[in-house]
């Protein structure tokens, strides 16, 4: 794995931890706030990250994708943020 690659998905939220589905107890992240429903929601969102990135990359590959359109800019900015191509 190079420095620019994330832990392969899929991931799952298990309480406040995000772990790989392939190996139990292989934590990707841990989420904690003073608000339990909030950290559970944050954990679910983080666990969906690999699939969300894959979906955005598929959108870019669609015929007719327009990077100059507002949605195109949002999609490309999210991909850049997820892959470390932006600050």
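Here, each number is a calculation from the coordinates, and none is a lab measurement. In this text the structure is predicted, and so the values were computed from the model without any measurement. Backbone-built Cβ (ideal geometry, glycine too); neighbour counts: all protein chains shown.
What to note about this one:
- Residue exposure sequence - 86, 7 - by fewest surrounding Cβ within 10 Å: 86, 7
- Nearest 10 degrees, 0 to 90: helix 36-47 Cα axis against the chain principal axis: 50
- Inter-label distance for residue 35 and residue 66, nm, one decimal - labels placed 7 Å from Cα along Cα-to-Cβ: 3.7
- Relative contact order, percent, the range 1-47 [alpha-carbon distance under 8 Å, six or more residues apart]: 35
- Semi-axis lengths (Å, descending) of the ellipsoid that matches the C-alpha gyration tensor of the range 1-47: 21, 11, 8
- Over the chain, dividing the summed -39,500 (n - 2.57) contributions of all DSSP H runs of at least 4 residues by the number of residues returns a 222 nm mean residue ellipticity of -14000 deg cm²/dmol.
- Candidates 63, 37, 50: whichever shows maximal mean-square fluctuation once the chain is modelled as a Gaussian network with Cα springs under 10 Å: 63
- Nearest 10 degrees, 0 to 90: helix 49-61 Cα axis against the chain principal axis: 10
- A Cα-only calculation for the chain places Rg and Dmax at 14.9, 45 Å.
- Fluctuation leader among 62, 45, 53 - the chain, Gaussian network, Cα springs under 10 angstrom: 62
- Choice from 49, 29, 61 showing the highest fluctuation, given a GNM over the chain with Cα pairs closer than 10 Å: 61
- Value of relative contact order over the chain, rounded to a whole percent, pairs C-alpha under 8 Å and six or more apart: 23
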